[in-house]
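Read-outs: derived from the displayed coordinates by stated rules, not from any lab. Worth saying up front: this structure is predicted, and the values here are computed from it rather than measured. Every residue, glycine as well, gets a Cβ built from its backbone with ideal geometry; the counts of neighbours run over all protein chains shown.
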Amino acid sequence: MDEVDMELEKAFQSKIDAELKIEPKDWMPDAYRKTLVRQMSQHAHSEVVGMLPEGNWLTRAPSLKRKAILMAKIQDEGGHGLYLYSAAETLGVSRDEMYEQLHSGKAKYSSIFNYPTLNWADIGAIGWLVDGAAITNQIALCRCSYGPYARAMVKVCKEESFHQRQGYEIMMNMSNGTKEQKEMAQDAINRWWWPALMMFGPHDKNSDHTSQSMTWKIKRTSNDELRQRFVDATVPQADYLGLTVPDDKLAWNEETQSYDWGEIDWDEFRNVVAGNGLCNRERLQTRRDAHDGGKWVRDAALAYAEKQKKRMADKAA
Amino acid sequence: MNDNEILFEYLLRLGDNCAILGQRLAEWCGKAPVLEEELALMNVGLDLVGQARLLLDYAGKVEGAGRDEDQLAFFRDTQEWRNFLLIEQPNGDFAKTMARQMIFDCFQYLQFEALTASKDKTLSEIAAKSLKEITYHRRHSSNWVIRLGDGTDESHAKMQAAIDELWGFIPEMFDMDAVEDAMVAAGIGTDVSVLRARWDDMINSILTEATLQRPEDTWSVRGSREGKHSEHLGFLLAEMQFLPRAYPDAKW
């Protein structure tokens with residue numbers, strides 16, 4: 001690193017230390033830019049891929065009201081995707097490049113969406129647990145040092161908290177419902193609990209990105225701390241539903257005033273992240289098919305816009 | 001049929017179009033050609049499901065047999081549905097979905113515009129609320145028909161094929177029968193047969209701008225008013241109605 005860069009980097013870090021936001025036109029270290037592109041595009045991809053497990057039940061939603069709520073939720077998620085792609089574009093990467101990285105498997109998305117939705121309570125569990133875990137992460141990101149990302153998160157968090165409430169409401173209905181509905185609700189928490197905890201990523205001691213991201217204030221709270229926060233908030237909610245959290249080590253700890261709990265199956269975590277979960281291949285293929293299959297539509301829209309531009313120019317001439 | 005039965009039947013015709021088309025749009029979830037359209041298709045679908053809820057809820061009340069919107073949506077078999085044949089046609093590619101949508105949006109716009117003057121206050125209010133949404137739907141679908149028609153050779157061919165494929169489903173939408181006549185006479189419904197001329201004007205101008213050929217009127221199919229549907233509707237309903245049918249005692 002030459003002297004100029006060192007000076008710039010020093011100024012950059014002191015700005016961050018002073019809790020000032022970094023804006024798109026500001027100087028930033030390449031690694032900071034790269035980290036943000038990785039994280040924000042991953043976040044955007046998660047919103048888009050996340051539509052698929054919900055879409056799996058959209059056509060089978062059990063009432064018109066539930067269908068309408070789910071459509072509104074999915075629409076929000078598409079909106080978050082758009083918003084996040086735009087925010088990432090401020091860092092000099094195009095949406096097409098980000099898609100390319102997703103479709104080639106180079107970019108990741110939240111692994112949780114590689115699990116299948118097998119019954120209607122899964123839609124409740126996704127809202128309650130998956131969006132709940134996402135909010136826990138995203139509230140911390142509202143104070144992220146990169147301005148466009150922080151601002152995007154403020155907006156996203158508001159909508160996500162509505163999503164979480166509707167998810168919990170589905171779970172309430174199910175766990176107060178018929179015997180079969182209760183079984184579906186329990187089955188859903190059995191399958192989604194651990195993957196939801198995995199959403200916070202590896203233990204701090206094993207996390208490649210944590211320490212630098214904390215210095216840069218992209219990340220403000222560590223994986224393990226956020227995960228614990230989520231467990232402490234969610235276990236009482238499960239109790240209220242009368243559902244059993246699938247962890248026989250789970251116990252209230254008077255001393256720490258929080259829950260002790262078991263250990264994540266890290267082999268499973270790594271396996272799904274590596275692309276070998278039940279739905280990884282299918283999810284990615286669905287996205288590729290939609291993108292490739294839609295090329296003629298995008299080409300047509302572009303061709304039409306060109307024609308219109310030319311017509312306007314001819315008219316003006 | 002007594003007056004209530006006629007109104008019930010009429011409301012089903014209006015509401016079923018919305019319910020089935022909303023369901024068809026829901027099938028697009030995660031598969032749209034571009035993210036912006038992912039949002040738009042969900043948005044239009046959501047509006048339609050909302051309209052279906054208002055209309056079927058009202059239908060249930062008019063019927064007075066204790067059926068609510070969900071009983072009507074989830075516990076009727078194919079032959080009890082009153083949506084147009086056009087509406088239940090499979091999505092096909094994006095051109096076909098947009099052609100179907102444009103054909104219906106223009107129709108529904110004119111129909112609901114007229115229904116805002118209905119003597120039935122509930123219906124006129126539903127129509128007025130829906131009309132704002134339909135105005136947007138119509139603009140959205142017409143723009144896509146134009147864009148694809150006047151886009152590339154490939155998109156032009158696909159859009160022309162879609163229009164051709166759906167053309168014979170159109171005449172049914174403008175048919176009058178005893179129920180429609182009775183509703184017009186009561187000042188509740190609107191005479192759809194007189195809407196045809198304005199619909200034609202709208203469609204002609206869209207097709208012209210899209211550089212598409214208006215197909216000859218060489219064929220037409222009918223039957224939805226009597227519950228004679230295409231084979232597609234049964235599968236749509238099997239999917240849509242699965243949960244409430246499998247667990248009839250459950251509340252969701």
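Mind pulling the angle between the C-alpha long axis of helix B:121-149 and the longest principal axis of chain B? Nearest 10 degrees, somewhere in 0 to 90.
20
Report the residue, chosen from A:R151, A:R298, A:R287, that carries the largest GNM mean-square fluctuation when chain A is represented by alpha-carbon nodes joined by springs under 10 Å.
Residue with maximal mean-square fluctuation among A:R151, A:R298, A:R287: A:R298.
Could you tell me how many degrees, from 0 to 90 and to the nearest 10, lie between the Cα long axis of helix B:232-246 and the main elongation axis, the longest principal axis, of the Cα atoms of chain B?
40
Is there a pair in A:K73/A:K182; A:K108/A:K309; A:K155/A:K310 whose C-alpha atoms are over 27 Å apart, and which pairs would that be?
Violating the 27 Å limit, Cα to Cα: A:K108/A:K309; A:K155/A:K310.
Between B:K251 and B:E172, what FRET efficiency follows from the Cβ-Cβ distance if R0 is 22 Å, with the result rounded to 0.05?
0.05
So which trypsin sites (Lys or Arg not before Pro) in the stretch A:179-275 pass both tests, a DSSP loop state and at most 13 other Cβ atoms within 10 Å of the Cβ?
Of the trypsin sites (Lys or Arg not before Pro), the ones in loops of the stretch A:179-275 whose Cβ has at most 13 other Cβ atoms within 10 Å are A:K249.
Quick check: Cα centre of the stretch B:1-32 to Cα centre of the stretch B:163-236, how many Å?
One Cα centre to the other: 15 Å.
Tell me which aspartates and glutamates have Cα within less than 14 Å of A:K25's Cα, excluding those fewer than 8 residues away on the same chain?
Cross-link targets: A:E89.
Given the peptides B:206-216, B:35-45, arrange them by the average over their residues of other C-beta atoms within 10 Å, most packed first.
Packing order, densest peptide first, comes out as B:35-45, B:206-216.
Over all residues in B:143-155, what is the mean tally of Cβ atoms on other chains that come within 10 Å of each residue's Cβ?
Average neighbour count from other chains, rounded to a whole number: 5.
How many lysine pairs in chain B, separated by 8 or more positions in sequence or lying on different chains, have Cα atoms less than 22 Å apart?
Counting lysine pairs in chain B gives 11.
Can you pull the mean other chain C-beta count within 10 Å for peptide A:171-184?
2
How much length would be gained if the chain were fully extended between A:C157 and A:V273, taking 0.36 nm per residue of separation minus their Cα-Cα distance, in nm to one decimal?
My answer for the length gained is 39.3 nm.
Highest mean first, what order results for B:51-59, A:79-87 on Cβ atoms within 10 Å?
B:51-59, A:79-87
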